[in-house]
Ligand SMILES: N[C@@H](CCC(=O)N[C@@H](CS)C(=O)NCC(=O)O)C(=O)O
């Protein structure tokens, strides 16, 4: 398998963490996604992923997969060791809702293409993009904290939805690191912080996300 990857990408980190948790080896193909050398909008990469985003995974059967959630769920189905989803339907639904709160409502609105466009609009100055990123990161993690607080008041667990790391943790950890990148210390979110610090002790997490918890 080949993983089209960028070290700074938190979406790609979700896939790298999953591969490590399951002990799957892949060839990593770096794709530059920021600055004047960005390759992700060039035709060669658009042939891989028409959305111009990382990650993308080329399977051993020659199938190209995009979108981190779809890739992680594919890996979980094809490599069932260390399963990421809980066995009961209600907890699976909670986990998927949590994951979507990260993917769709927090990360998606602070990615380089969104922030670069915002910065290019009339009236923007050098404070606009950082303020946008910080605002939506904080609001997104406020919601994750509330979801975790409500769940853990009823069903306490070491990680988001169980005593072993699962799908929600795979999505939470890179997002917790992103908070540090926009100068938001995790102390503001006690449940998120406690879980992120436990995850940081697990090499599959610590070795596959590029940043330090703050
Ligand atoms: N929903 C997508 C998001 C992928 C995504 O936004 N990736 C970012 C890096 S974290 C990217 O490639 N950005 C390039 C750009 O915005 O131009 C997923 O989960 O895979």
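The values are calculated or read from the model by the stated rules, or taken from the named source; none is laboratory data. No experiment lies behind these values; they were computed from the predicted model shown. Counting neighbours? That spans all protein chains shown, and the Cβs are built from the backbone with ideal geometry, glycine included.
Details
- Subset of the range 76-88 [in contact with a helix residue (DSSP H, G or I) (Cβ under 8 Å, 6 or more places away or on another chain) and farther than 15 Å from residue 169 by Cβ]: 79, 81
- If you go through the range 40-67 and keep only what is surrounded by 19 or more Cβ atoms within 10 Å (Cβ to Cβ), near the ligand (Cβ under 8 Å from one of its atoms) and over 15 Å from the mean Cα position of the chain (by Cα), you end up with just 40.
- Selection status of residue 97, more than 12 Å from the ligand (Cβ to nearest atom), closer than 16 Å to residue 161 by Cβ, at pLDDT 95 or above and touching a helix residue (DSSP H, G or I) at 6+ places or on another chain (Cβ under 9 Å): yes
- Sole exception among (1) part of a loop (DSSP other than H, G, I, E, B); (2) more than 16 Å from the chain's Cα centre (by Cα) for residue 213, by number: (2)
- The set of residues in the range 18-39 being within 30 Å of residue 199 (Cα to Cα) and within 13 Å of the ligand (Cβ to nearest atom) consists of 18, 30, 31, 32, 33, 34.
- The set of residues in the range 68-81 that are near the ligand (Cβ under 10 Å from one of its atoms) and surrounded by fewer than 17 Cβ atoms within 10 Å (Cβ to Cβ) contains only 70.
- Single condition residue 156 does not satisfy, out of (1) modelled with pLDDT of 95 or more; (2) not assigned by TED's automatic domain parsing to the domain that holds residue 98: (2)
- Test: residue in the range 77-95 that is within 30 Å of residue 130 (Cα to Cα), assigned by TED's automatic domain parsing to the domain that holds residue 178 and in contact (Cβ under 8 Å) with a residue 40 or more places away in the chain: yes
- Within the range 198-210, the residues that satisfy the criterion of being assigned to a loop (DSSP other than H, G, I, E, B) and more than 13 Å from the chain's Cα centre (by Cα) are 201, 202, 207.
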